[in-house]
Amino acid sequence: MMLAGGAIVGTNLAVARGAHAYGSDTIRIGLVGCGGRGTGAAIQAMNTTGGNTKLVAMADVFENSIQTAYRTIKGKHPDKVAVDDARFVGLDAYKQVLQTDCDFVILATPPGFRPIQFEAAVEAGKHIFMEKPVATDAPGVRRVLAANQKAKAKGLAVQVGLQRHHEFRYRECIDKLQNGAIGDLIFARAYWNGGGVWVRPRTAAQTELEYQMRNWYYFTWLCGDHIDEQHIHNLDVINWLVGDHPIEAQGQGGREVRNGRDHGQIFDHHMVEYTYANGFKLLSQCRHIQGCWNSVSEHVHGTMGSCDISDALIRNPQGKKTWQSELKETKGGKGWQQEHHDFFAALRNGETPNEVEYGAHSTMTAILGRLATYSGKVVRWDDAINSEVQLANTDAMHSFDDQAPVQPNADGGYPVAVPGSKEKFV
């Protein structure tokens, strides 16, 4: 369903804009995915300085999400919203946003749709901000990497929502570590342990596909499990530090407390040991269980001390603090804002930054960990990245009446990975 129609612009004109230095010109923004993250990203894009911005198109599969996002964004930037004739609803609504005269598109739908939408945005010649992760399976990661080659050829800028790369304290800390501040690096630890997220009850009128999309966090084809959707931030920091991705992983996980019919397929805890090509080890934890020890952080140990990267704090082997960043605090969402400041400044300078490769590799690192915990096996990177197993055919989805990629069992639950079993889940 379409709420209103938008003007159509040819691909050649859109591509021509790709190489344009915007200066103080208005940058026209399209928003695909109007949930909390998409709404926040649109506001942060419009918070940028150096020239005007305007939201000219919105799309989501749910009309109520568009309405909520519209009210929220317009409340923050009343003079920068012009979407009365360009609010689109439906599984194909992103295509209508890409047909408008937006210069820049935000892709913030559930990550299972990221590859197809990124590919379409590149074909349309738009500059792109896409949230992490960039995919939920290996074919999706490869599809994103292939589309990115076209993005580079077209001179398109692409940013991935791994905002720690834009936080001053992280950047200063990583630089010190890579220059030997704690000697040779031995092993790292990374955590995203918290209480979990929302559950949205099923309603009588919903099709199975609509129900799963309302509860996208609990279905692997949509979110990649929380090791992919959330813990990717911490895994990305360690990849950044090492300057590479791991070559294999082994681990364990399961559904200890979040195991009801309304919890889809995903695990509530994962513990993974990653190994890098140089022998460096990462011990990784992510957990969604209330009443437990919580931490969202990254740590590294070296021959001359240790570092809490998330706090930009270095200690000597005796535990005494020897350095802590004095740069302005960048936690609490400020990294989310800084990434847009950096991106829009680059666009206005005629630059085309591209963050896809490390975004894709960090996504695949999370998928590698999921393969290890779901299977209980040692999984090698080369086998994982070359897998042909696709979790969902999103190209074939056009309405909520289409069949969902996974179906409930007779008891209303969903198929869940069992480590050690012969049945393969990715």
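The values are calculated or read from the model by the stated rules, or taken from the named source; none is laboratory data. In this text the structure is predicted, and so the values were computed from the model without any measurement. Every residue, glycine among them, receives a Cβ derived from its backbone with ideal geometry; neighbour counts consider all protein chains shown. We work out accessible area using only protein heavy atoms, side chains counted, and drop any ligands, DNA or RNA first. Shrake-Rupley method; radii C 1.70, N 1.55, O 1.52, S 1.80 Å.
Can you spot a residue in segment 232-253 that is aliphatic (A, V, I, L, M), modelled with pLDDT of 95 or more and surrounded by fewer than 17 Cβ atoms within 10 Å (Cβ to Cβ)?
Of segment 232-253, the ones aliphatic (A, V, I, L, M) are 232, 235, 237-238, 241-242, 247, 249.
Filter once more, keeping what is modelled with pLDDT of 95 or more: 232, 235, 237-238, 241-242, 247, 249.
When the remaining residues are screened for being surrounded by fewer than 17 Cβ atoms within 10 Å (Cβ to Cβ), the result is 247.
Within segment 232-253, one or more residues are aliphatic (A, V, I, L, M), modelled with pLDDT of 95 or more and surrounded by fewer than 17 Cβ atoms within 10 Å (Cβ to Cβ).
Quick check, is T39 closer than 22 Å to E351 by Cβ and either open to solvent by less than 60 Å² (accessible area, probe 1.4 Å) or modelled with pLDDT under 95 (or both)? Explain how you work it out, then say what you get.
On the way: closer than 22 Å to E351 by Cβ: no; either open to solvent by less than 60 Å² (accessible area, probe 1.4 Å) or modelled with pLDDT under 95 (or both): yes.
Taking the combined requirement at face value, the residue does not satisfy it.
Can you tell me which of V134, V105, V97, V141 is assigned to a loop (DSSP other than H, G, I, E, B) and either within 25 Å of T207 (Cα to Cα) or modelled with pLDDT of 95 or more (or both)? Show your work before the answer.
Working: V105 fails: assigned to a loop (DSSP other than H, G, I, E, B); V97 fails: assigned to a loop (DSSP other than H, G, I, E, B); V141 fails: assigned to a loop (DSSP other than H, G, I, E, B).
None of the other options fit; the residue is V134.
Across segment 390-418, what is the total count of residues that are under 18 Å from Y218 (Cα atoms), without any contact (Cβ under 8 Å) to a residue 60 or more places away in the chain and of a type in the set (G, A, S)?
The total comes to 0.
Can you tell me how many residues in segment 113-136 are open to solvent by 10 Å² or more (accessible area, probe 1.4 Å) and of a type in the set (F, W, Y)?
Matching residues across segment 113-136 total 1.
Does at least one position in segment 386-394 carry a residue that is out of contact with any Asp or Glu (no Cβ under 6 Å at 6 or more places or on another chain) and either of a type in the set (V, I, T) or in a helix (DSSP H, G or I) (or both)?
Checked against the condition, which is being out of contact with any Asp or Glu (no Cβ under 6 Å at 6 or more places or on another chain) and either of a type in the set (V, I, T) or in a helix (DSSP H, G or I) (or both), segment 386-394 yields at least one hit.
On the basis of being at pLDDT 95 or above, hydrophobic (A, V, I, L, M, F, W, C) and assigned to a helix (DSSP H, G or I), does I116 make the cut? Outline the logic, then answer.
On the way: at pLDDT 95 or above: yes; hydrophobic (A, V, I, L, M, F, W, C): yes; assigned to a helix (DSSP H, G or I): yes.
So I116 passes the test.
Mind listing just one residue for me: the one in segment 254-282 that is among the aromatic types (F, W, Y) and surrounded by fewer than 22 Cβ atoms within 10 Å (Cβ to Cβ) and, of those, farthest from A360 (Cα to Cα)?
Residues of segment 254-282 among the aromatic types (F, W, Y): 267, 274, 276, 280.
Within this subset, residues satisfying the condition of being surrounded by fewer than 22 Cβ atoms within 10 Å (Cβ to Cβ) are 276, 280.
Numbers: Y276: 17, F280: 21 Å.
So the residue we want is F280.
So which residues in segment 342-370 are under 30 Å from D382 (Cβ atoms), open to solvent by 10 Å² or more (accessible area, probe 1.4 Å) and not polar (S, T, N, Q)?
Filtering segment 342-370 down to residues under 30 Å from D382 (Cβ atoms) leaves 353-370.
Checking which are open to solvent by 10 Å² or more (accessible area, probe 1.4 Å) leaves us with 353-355, 357-358, 361.
Once the filter is applied, which keeps residues that are under 30 Å from D382 (Cβ atoms), open to solvent by 10 Å² or more (accessible area, probe 1.4 Å) and not polar (S, T, N, Q), segment 342-370 yields P353, E355, E357, Y358, H361.
Starting from residues that are part of a helix (DSSP H, G or I) and in contact with a helix residue (DSSP H, G or I) (Cβ under 8 Å, 6 or more places away or on another chain), keep the ones in segment 148-168 and report whichever is farthest from R114 (Cα to Cα).
Only one residue fits best here, namely F168.
Of the conditions (1) surrounded by fewer than 22 Cβ atoms within 10 Å (Cβ to Cβ); (2) at pLDDT 95 or above, V61 clears all except one; give me its number.
(1)
So T109 passes all but one of these: (1) of a type in the set (S, T, Y); (2) open to solvent by 20 Å² or more (accessible area, probe 1.4 Å); (3) in contact with a Leu (Cβ under 7 Å, 6 or more places away or on another chain). Which condition number does it fail?
All conditions are met except number (3).
Per-residue answers, yes or no, for (1) in contact with a strand residue (DSSP E or B) (Cβ under 9 Å, 6 or more places away or on another chain); (2) closer than 25 Å to I106 by Cα; (3) outside any helix (DSSP H, G or I):
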site	(1), (2), (3)
A345	no, yes, no
E351	no, yes, yes
G359	yes, yes, no
L368	yes, no, no
L371	yes, no, no
K377	yes, no, yes
F400	no, yes, yes
A404	no, no, yes
G412	no, no, yes
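Within segment 131-150, work out how many residues are more than 15 Å from D228 (Cα to Cα) and within 15 Å of the chain's Cα centre (by Cα).
Within segment 131-150, residues that are more than 15 Å from D228 (Cα to Cα) and within 15 Å of the chain's Cα centre (by Cα) number 2.
Out of the residues in segment 145-177 meeting the condition of being among the charged types (D, E, K, R) and in contact with a strand residue (DSSP E or B) (Cβ under 8 Å, 6 or more places away or on another chain), tell me which one is most open to solvent (accessible area, probe 1.4 Å).
Our first condition is that a residue be among the charged types (D, E, K, R); within segment 145-177, this holds for 150, 152, 154, 164, 167, 169, 171-172, 175-176.
Within this subset, residues satisfying the condition of being in contact with a strand residue (DSSP E or B) (Cβ under 8 Å, 6 or more places away or on another chain) are 152, 176.
On the way: K152: 96, K176: 69 Å².
Only one residue fits best here, namely K152.
Is it the case that segment 327-341 has a residue that's open to solvent by less than 70 Å² (accessible area, probe 1.4 Å), farther than 30 Å from L156 by Cα, touching a residue at least 40 places away in the same chain (Cβ under 8 Å) and out of contact with any Asp or Glu (no Cβ under 6 Å at 6 or more places or on another chain)? Spell out the reasoning first.
Residues of segment 327-341 that are open to solvent by less than 70 Å² (accessible area, probe 1.4 Å), as a first pass: 330, 333, 335, 337-341.
Going one step further and asking which of them are farther than 30 Å from L156 by Cα, we end up with none.
Within segment 327-341, none of the residues are open to solvent by less than 70 Å² (accessible area, probe 1.4 Å), farther than 30 Å from L156 by Cα, touching a residue at least 40 places away in the same chain (Cβ under 8 Å) and out of contact with any Asp or Glu (no Cβ under 6 Å at 6 or more places or on another chain).
For segment 294-343, how many residues meet the condition of being aromatic (F, W, Y) and assigned to a helix (DSSP H, G or I)?
Qualifying residue count for the region: 2.
I need the full set of residues from segment 96-120 which are touching a His at 6+ places or on another chain (Cβ under 7 Å) and either under 20 Å from M213 (Cα atoms) or not hydrophobic (A, V, I, L, M, F, W, C) (or both), in order please. Give the derivation first.
Our first condition is that a residue be touching a His at 6+ places or on another chain (Cβ under 7 Å); within segment 96-120, this holds for 103-104.
Answer for segment 96-120, where residues must be touching a His at 6+ places or on another chain (Cβ under 7 Å) and either under 20 Å from M213 (Cα atoms) or not hydrophobic (A, V, I, L, M, F, W, C) (or both): just D103.
Quick check on my filter: what residues within segment 283-304 are of a type outside the set (G, A, S) and exposed (fewer than 15 other Cβ atoms within 10 Å of the Cβ)?
Filtering segment 283-304 for residues of a type outside the set (G, A, S) gives 283, 285-290, 292-294, 296, 298-301, 303-304.
Scanning segment 283-304 gives Q290, C292, W293, N294, T303, M304.
In segment 261-281, which residues are within 26 Å of L185 (Cα to Cα) and touching a Pro at 6+ places or on another chain (Cβ under 7 Å)?
Step one: list which residues in segment 261-281 are within 26 Å of L185 (Cα to Cα), which gives 270-281.
Y274, T275, Y276, listed by residue number.
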